[in-house]
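Report on one structure; see the data block that follows.
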Amino acid sequence: MAEPIQATRVPTSPLVAVKGMNDILPPESARWEWFEDTVRALMRRYGYLNIRVPIVEPTPLFVRGLGEVTDIVEKEMYSFIDSLNGDALTLRPEGTAGVVRAAIEHSMLYDGGKRLFYIGPMFRHERPQRGRYRQFHQVGVEALGFGGPDVDAEVILMCRSLWRDLGLADVRLDINCLGQSAERKVHREALIKHLGGSRELLDAEALRRLHSNPLRILDTKNPAMQPLVEAAPKLMDYLGEASLKHFEGVCQALDAAGQPYRVNHRLVRGMDYYSLTVFEWVTDRLGAQGTVCGGGRYDGLVELIGGKPAPGIGWGLGIERVLDLLEQSGVPVPLSPPDVYAVVPSAEALPAAMQVAEALRAAGVSVLMHAAGRDAWGSMKSQFKKADASGARHALIFGADELARGEVAIKPLRDAAAPQSTRLIALAASWAPELRTA
Ligand code: ATP
Ligand code: MG
């Protein structure tokens, strides 16, 4: 068992976040909230239910599920030994393995397929750069227990709907078919022969993968290797009738839905668990990190993780990349300023102001209260400045004279004729008489 970690001395330099892990602050967080709301509405429309699984899982889950010779398992996982009991644990680098583990553990598939989604942080030890972080966030869907190409098309078309809901136009679809493992085995031999015949053209990573995971070499971004990889035998040519039929089914469904796509023979994806359909949604607007969403079918994974064999398909979408794309595309941050800023000229007016604010909030109006300091009470001028900066549509002014008459003054700060005004005036009027202080 590992020694418990000694308490580290608290450094005197300022404490900052872990490299590659970002704080998400307002007003930017408003974009996140809007995005998540949009996603939840989408999931409801497609009948996908939310699943929440732990952020930490046993390390073997990912080693077994994702495959030992993958970028993630080889070099990107935050793995550690639990110092209290010696368990090997890992911060989840992706969502599928955990969801499949949970589905098996809770016998979720006993009464048929399940359509699930999650939103949350993932962790990969990568070199931080634009669109690539060590803590990043994904939305993911997993449709478990459905084997037909119709569900492949369904999950792909969900993404199209999401782009539409978000107002994004520049995302295109790449798809490929990886067939079944027996088909990949035959192709693999041909691939090793092709690539191995030109060893001098392979970089170090490709040489290392030549015999362990040659398919991944097709995915290389090394420009020097492109001609070799372009000329490599295509997996599609090694697929049997069933795989081709499945792929045709997906293509037909996409055609019928009017969704354009490119068949990209080099699309292989990073995890070993994929079979048959794989796909990526890509944009040119984000530089090298142009893949905003990737997914595919993983019919062998449930069994691999220890469940009764069941098909599955899903995708994972990088939220940071999509939000960056929204910004690049000029989609503004949808701010939701308060309806009302409560201007409180003096401490005497505070009880009445609080009473009205609470009543308004109970009626669904959002109210930002002037907050005095311990000693100082803000001047009217400074309060109006804050009211303006808050973006509120109205100021409610709790002046002494008005309160004495059982009234509250409403000052429009923006578009006076908004429907909110009428409602607010009616609400304020209905409470104002109770406020009479004289
Ligand atoms: P890449 O080829 O860019 O490394 P990947 O194939 O490793 O991506 P997946 O595992 O398929 O990515 O994850 C799905 C999506 O999650 C990606 O398409 C991307 O949008 C996002 N993503 C992956 N890794 C990161 C990261 N380190 N930082 C931010 N987003 C990421
Ligand atoms: Mg990666």
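Restricting attention to the stretch 133-148, which residues are within 20 Å of residue 247 (Cβ to Cβ) and open to solvent by less than 10 Å² (accessible area, probe 1.4 Å)? The one that is within 20 Å of residue 247 (Cβ to Cβ) and open to solvent by less than 10 Å² (accessible area, probe 1.4 Å): 143. Restricting attention to the stretch 123-164, report how many residues are away from ligand 1 (no atom under 13 Å from the Cβ), of a type in the set (Ser, Thr, Tyr) and either in contact with a strand residue (DSSP E or B) (Cβ under 8 Å, 6 or more places away or on another chain) or not assigned by TED's automatic domain parsing to the domain that holds residue 47 (or both). Going through the stretch 123-164 one residue at a time, the tally reaches 0. Tallying residues that are open to solvent by 60 Å² or more (accessible area, probe 1.4 Å) and part of a helix (DSSP H, G or I) within the stretch 346-379 yields 7. Taking the stretch 213-231 as the range and being under 31 Å from the mean Cα position of the chain (by Cα) and exposed (fewer than 12 other Cβ atoms within 10 Å of the Cβ) as the test, the residues that pass are 221, 223. For the stretch 54-65, the condition holds for no residue, the condition being that it is in contact (Cβ under 8 Å) with a residue 12 or more places away in the chain, within 16 Å of ligand 1 (Cβ to nearest atom), out of contact with any helix residue (DSSP H, G or I) (no Cβ under 8 Å at 6 or more places or on another chain) and among the charged types (D, E, K, R). Pairs meeting the criteria (first residue in the stretch 202-219 and of a type in the set (Lys, Arg), second residue assigned to a loop (DSSP other than H, G, I, E, B) and open to solvent by 30 Å² or more (accessible area, probe 1.4 Å), beta carbons under 7 Å, at least 6 apart or on different chains) are 209/69. Name the single residue that is farthest from residue 135 (Cα to Cα) among those in the stretch 63-77 being away from ligand 2 (no atom under 14 Å from the Cβ) and surrounded by 17 or more Cβ atoms within 10 Å (Cβ to Cβ). So the residue we want is 64.
Could you tell me whether any residue of the stretch 149-157 is acidic (Asp, Glu), away from ligand 2 (no atom under 16 Å from the Cβ), within 25 Å of residue 36 (Cα to Cα) and surrounded by 21 or more Cβ atoms within 10 Å (Cβ to Cβ)? Yes, the conditions are met somewhere in the stretch 149-157.
Of 74, 68, all but one fail to be farther than 20 Å from residue 295 by Cβ, more than 13 Å from ligand 1 (Cβ to nearest atom) and either touching a Phe, Trp or Tyr at 6+ places or on another chain (Cβ under 7 Å) or charged (D, E, K, R) (or both); the exception is 68. Of the residues 91, 109, the single one that is more than 16 Å from ligand 1 (Cβ to nearest atom) and modelled with pLDDT of 95 or more is 109. Every condition in (1) under 21 Å from residue 134 (Cβ atoms); (2) open to solvent by less than 50 Å² (accessible area, probe 1.4 Å); (3) not in a strand (DSSP E or B) is met by residue 57 except one, and the failing one is (3). Has the stretch 104-122 got any residue that is within 16 Å of ligand 2 (Cβ to nearest atom) and without any contact (Cβ under 8 Å) to a residue 12 or more places away in the chain? Checked against the condition, which is being within 16 Å of ligand 2 (Cβ to nearest atom) and without any contact (Cβ under 8 Å) to a residue 12 or more places away in the chain, the stretch 104-122 yields no hits at all. Taking the criterion of being among the small types (Gly, Ala, Ser) and open to solvent by 70 Å² or more (accessible area, probe 1.4 Å), the only residue of the stretch 232-254 that qualifies is 242.
Close contacts from the stretch 235-250, counting a first residue that is part of a helix (DSSP H, G or I) and a second that is surrounded by fewer than 22 Cβ atoms within 10 Å (Cβ to Cβ) and among the polar types (S, T, N, Q), with Cβ to Cβ under 7 Å and a gap of 6+ residues or different chains, come to 243/180.
Count of the stretch 65-77 residues, restricted to those that are under 22 Å from the mean Cα position of the chain (by Cα), in a loop (DSSP other than H, G, I, E, B) and charged (D, E, K, R), is 0. Picking from residues in the stretch 9-47 that are more than 15 Å from the chain's Cα centre (by Cα) and closer than 30 Å to residue 144 by Cβ, the one that is most open to solvent (accessible area, probe 1.4 Å) is 44.
Restricting attention to the stretch 220-233, does a residue exist that is under 22 Å from residue 68 (Cα atoms) and not in a loop (DSSP other than H, G, I, E, B)? No - not one qualifying residue is present in the stretch 220-233. Among the residues of the stretch 385-410, those that are open to solvent by less than 50 Å² (accessible area, probe 1.4 Å), out of contact with any helix residue (DSSP H, G or I) (no Cβ under 9 Å at 6 or more places or on another chain) and in a helix (DSSP H, G or I) comprise 387, 390, 404. Taking (1) closer than 24 Å to residue 325 by Cα; (2) within 16 Å of ligand 2 (Cβ to nearest atom); (3) not β-branched (Val, Ile, Thr) in turn, residue 258 satisfies each apart from (2).
The set of residues from the stretch 78-97 being under 19 Å from the mean Cα position of the chain (by Cα) and not in a strand (DSSP E or B) comprises 92, 93, 94, 95, 96, 97.
Inspect all residues belonging to the stretch 63-76 and state whether any of them is in contact with a strand residue (DSSP E or B) (Cβ under 7 Å, 6 or more places away or on another chain) and closer than 19 Å to residue 138 by Cα. So far as the stretch 63-76 goes, no, none of its residues is in contact with a strand residue (DSSP E or B) (Cβ under 7 Å, 6 or more places away or on another chain) and closer than 19 Å to residue 138 by Cα. The residues of the stretch 289-328 that are more than 11 Å from the chain's Cα centre (by Cα) and aliphatic (A, V, I, L, M), listed by number, are 301, 302, 304, 305, 310, 313, 325, 326.
The values are calculated or read from the model by the stated rules, or taken from the named source; none is laboratory data. Here the structure is a predicted model, which is why all the values come from computation and not from measurement. Ideal geometry is used to build each Cβ from the backbone, glycine not excepted, and the neighbour counts take in all protein chains shown. Just so you know, the surface numbers come from the protein's heavy atoms only, side chains and all, with ligands and any DNA or RNA stripped out. Shrake-Rupley method; radii C 1.70, N 1.55, O 1.52, S 1.80 Å.
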